[in-house]
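**Q** Just passing along the structure, written as structure tokens.
The values are calculated or read from the model by the stated rules, or taken from the named source; none is laboratory data. What you are looking at is a predicted structure, and each value in this text was computed from that prediction instead of being measured. Note that we place each Cβ from the backbone using ideal geometry, even for glycine, and neighbour counts take in every protein chain shown. Just so you know, the surface numbers come from the protein's heavy atoms only, side chains and all, with ligands and any DNA or RNA stripped out. Shrake-Rupley method; radii C 1.70, N 1.55, O 1.52, S 1.80 Å.
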Amino acid sequence: MRSSIIRSVESTLRRGRSVVSPSGDHLLRRSFTSAAPLPERKVAILGAAGGIGQPLSLLMKLNPLVSKLALYDIAGTPGVAADVSHINTRAEVAGYMTEDQIGEALEGSDVVIIPAGVPRKPGMTRDDLFNINAGIVKNLCTFIAKYCPNALVNMISNPVNSTVPIASEVFKKAGTYDEKKLFGVTTLDVVRARTFYAGKAKVPVADVNVPVVGGHAGITILPLFSQATSASNVSLSADEITALTKRTQDGGTEVVEAKAGKGSATLSMAYAGALFADACLKGLNGVPDVVECTFVQSSVTELPFFASKVRLGKNGVEEVLGLGSLSDFEKQGLESLKPELKSSIEKGIKFAKEN
Ligand SMILES: NC(=O)C1=CN([C@@H]2O[C@H](COP(=O)(O)OP(=O)(O)OC[C@H]3O[C@@H](n4cnc5c(N)ncnc54)[C@H](O)[C@@H]3O)[C@@H](O)[C@H]2O)C=CC1
Ligand SMILES: O=C([O-])CC(=O)C(=O)O
């Protein structure tokens, strides 16, 4: 059994296909065929030795689209890099520690993933992380602007609703901002919405996709269950949809409480981060119709940043897609989230301008 699984993964890798795929295995089918040579792609992970960073480093090492994997952290990277580097997959792994080495880590990167920063403890909101994480993100983005201004930046560090605007201001100040290349990673909200919906509706999770729009904190997370694929065959009551919405919005808190002081989601986040980075790489490589929900500069609403479905392409964002038709419940959720999201965005912009 074990050897047949290994054989199947190895044969997938030889064909140059992805082991992980956003939104289910349909993307596997639009990956490269054996005839297409895979382009060289460098991915850097900043915060690679942390709770998310370590399993994310593992998953990116398993991704055959990655030819170089740069692992950076302020502590612990040599061990993680040595460990991951022994895996017999395509990516060459190098570990970097201290700011003297960050330039080398970043240079030539196509995608930079940032899970650096402190996680929540029970009783905290994501915004309670602002005071520490805002400075970390600002500093790291200054290095990105200097060493790899053309990279796609996947921001995981919380509060995403503020750290993405901070990054945009740092890049603007450096003259390198390209709104097509900056993403807040909200994939975990989609992963949760799919899992919770499939469980409640008793349908195979692989058949379910659910757009999640807005932002990445509490009520700013708005799953659009009315647009769930397979929704037409499923009838959930209004109370069930309300409960699913709340569970998706509180998914992070559910994990924080279960971990009881030992941090927040790391394994599911690493999975979600790997899915989103994989989608970015596929877009860069010219795979058509790669669509993911992500928090980007947006004109979908009056807010300057907003998460929605986005088509990814050779330059990052190819098209920010609209919201589609919303149920009355979702319309109400959309209006309710705007004040909080607006103030988190403004807080990030103000911090970056004043510091
Ligand atoms: N976007 C999302 O959906 C999610 C975001 N998160 C956020 O991800 C962040 C990381 O979470 P964990 O990995 O659990 O935390 P962790 O504390 O386990 O790891 C963070 C890592 O960042 C490193 N770090 C700190 N300052 C750094 C700097 N200046 N440069 C490079 N590395 C630095 C630390 O040394 C540590 O290894 C948190 O802010 C958390 O809230 C967590 C889950 C989901
Ligand atoms: O809840 C947290 O603090 C971490 C996070 O963003 C998530 O799990 O969605």
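**Q** Just name one of PHE305, ILE166, LEU38: the one whose Cα is farthest towards the positive end of the charge dipole of the chain (beta-carbon charges, Lys/Arg +1, Asp/Glu -1).
**A** LEU38
**Q** Which value results when the Cα radius of gyration for the chain is divided by 2.2 N^0.38 Å? Could the numbers behind the result be given before it?
**A** Working: Rg = 19.3 Å, N = 355, 2.2 N^0.38 = 20.5 Å.
The chain yields a ratio of 0.94.
**Q** Ok, one more. Just to verify a number: what accessible area does GLU179 come out at with the full protein assembly present, 1.4 Å probe, Å² rounded to tens?
**A** 70
**Q** So, counting K/R as plus one and D/E as minus one, what does the shell of residues with Cβ under 13 Å around PRO223 add up to?
**A** On the way: positive: ARG192, ARG194, LYS200, LYS246, ARG247, LYS309; negative: ASP189, GLU240, ASP250, GLU330.
Net local charge, PRO223 excluded: +2.
**Q** Can you name the helices of the chain, as whole DSSP H runs, whose Cα span along the helix axis is 30 Å or more and whose Kyte-Doolittle mean is not below -1.0?
**A** Details: long enough: 328-354 (40 Å, -0.92).
Helix filter hits for the chain: 328-354.
**Q** Using the Cβ atoms and a cut-off under 12 Å, what net charge is assigned to the surroundings of ILE349, where Lys and Arg are +1 and Asp and Glu are -1? Please report the intermediate quantities before stating the final value.
**A** On the way: positive: LYS138, LYS172, LYS173, LYS342, LYS347, LYS350, LYS353; negative: GLU169, GLU346, GLU354.
Computed value for this residue: +4.
**Q** May I pose another question? Counting other Cβ atoms within 10 Å, which GluC sites (Glu not before Pro) in region 43-125 have at most 14 and lie in a DSSP loop?
**A** Working: sites: GLU92, GLU99, GLU104, GLU107; in loops: GLU107.
Loop-located and lightly packed - GLU107.
**Q** Once the Cβ-Cβ distance between SER226 and THR142 is put in as r, and R0 is 41 Å, what FRET efficiency do you end up with, to the nearest 0.05? All intermediate terms of the calculation are to be shown ahead of the outcome.
**A** On the way: r = 42 Å, r/R0 = 1.02.
Plugging the Cβ-Cβ distance into 1/(1 + (r/R0)^6) gives 0.45.
**Q** How much accessible area does LYS121 have with a 1.4 Å probe, in Å² rounded to the nearest 10?
**A** Accessible area, nearest 10 Å²: 110 Å².
**Q** Here's something else I'd like to know. For region 274-337, which trypsin sites (Lys or Arg not before Pro) are both in a DSSP coil and crowded by at most 16 other Cβ atoms within 10 Å? Can you show the working numbers first?
**A** Numbers: sites: LYS282, LYS309, ARG311, LYS314, LYS331; in loops: LYS314.
Listed in order of number, the matching sites are LYS314.
**Q** OK, next. Quick one: check the C-alpha center-to-center distance for region 201-217 versus region 238-260, whole angstrom.
**A** So the separation of the two Cα centres works out to 13 Å.
**Q** Assuming 0.890 mPa s and 25 °C, estimate D for region 110-214 with Stokes-Einstein, Rh taken as the Kirkwood radius over Cα pairs, in µm²/s.
**A** Details: Rh = 15.1 Å.
Result for D is 162 µm²/s.
**Q** Can you tell me, using C-alpha contacts under 8 Å and at least 6 residues apart, the relative contact order of region 113-259 as a whole percent?
**A** Values: 201 pairs, mean separation 30.0, N = 147.
Result for region 113-259 is 20 percent.
**Q** Across 5 Å bins from the origin, how do the percents of Cα pairs in region 183-304 run, short distances first?
**A** Going out from 0 Å in 5 Å bins, region 183-304 shows 2, 11, 19, 22, 21, 15, 8, 3, 0 percent.
**Q** Counting each DSSP H run of 4 or more residues in the chain as -39500 (n - 2.57), what helix-only mean residue ellipticity at 222 nm follows after dividing by all residues, to the nearest 500 deg cm²/dmol? Write down the numbers at each step before the final one.
**A** Working: 12 runs with 154 residues, N = 355.
Dividing the helical sum by the residues of the chain leaves -13500 deg cm²/dmol.
**Q** Where in region 186-223 does the label zone of ASP289 land, with the point 7 angstrom along Cα→C-beta and an amide N cut-off under 19 Å?
**A** Of the residues in region 186-223, 206-211 have backbone N under 19 Å from the label point off ASP289.
**Q** Which of the three applies to region 232-273, rounded, prolate or oblate, going by the alpha-carbon gyration tensor with a ≥ b ≥ c and a/c under 1.5 meaning rounded? If you can, show how the numbers build up before the last one.
**A** Numbers: a/c = 4.55, a/b = 1.96, b/c = 2.33.
In terms of gyration-tensor shape, oblate.
**Q** For ASN233, what charge total do you get from the other residues with a beta carbon under 12 Å from its beta carbon, if Lys and Arg give +1 and Asp and Glu give -1? Please report the intermediate quantities before stating the final value.
**A** Working: positive: LYS202; negative: ASP207.
Surrounding charge for ASN233 is 0.
**Q** With every protein chain left in place and a probe of 1.4 Å, what is the accessible surface of ASP328, to the nearest 10 Å²?
**A** Surface open to solvent at ASP328 totals about 120 Å².
**Q** Right, next: Under a 10 Å cutoff between Cα atoms, tell me which one of VAL317, VAL153, VAL287 has the largest fluctuation in the Gaussian network model of the chain.
**A** Of VAL317, VAL153, VAL287, the most mobile in the Gaussian network model is VAL287.
**Q** Right, next: For the charge dipole of the chain, defined by +1 on Lys and Arg C-beta atoms and -1 on Asp and Glu C-beta atoms about the Cα centroid, which residue among VAL208, ASN139, ALA228 has the Cα displaced farthest towards the positive pole?
**A** VAL208
**Q** Find, to one decimal place in angstroms, the Kirkwood hydrodynamic radius of region 170-245, where the mean of 1/r is taken over every pair of different Cα atoms and then inverted. Spell out each step's value before the answer.
**A** Details: mean 1/r = 0.0720 Å⁻¹.
Final number for the Kirkwood radius of region 170-245 is 13.9 Å.
**Q** For region 289-344, calculate the relative contact order in percent as a whole number, restricting contacts to Cα pairs under 8 Å that are 6 or more residues apart.
**A** This gives 25 percent for region 289-344.
**Q** Now, a different point. Just need the relative contact order of the chain here, percent rounded to a whole number, with Cα pairs under 8 Å and 6+ apart.
**A** 17
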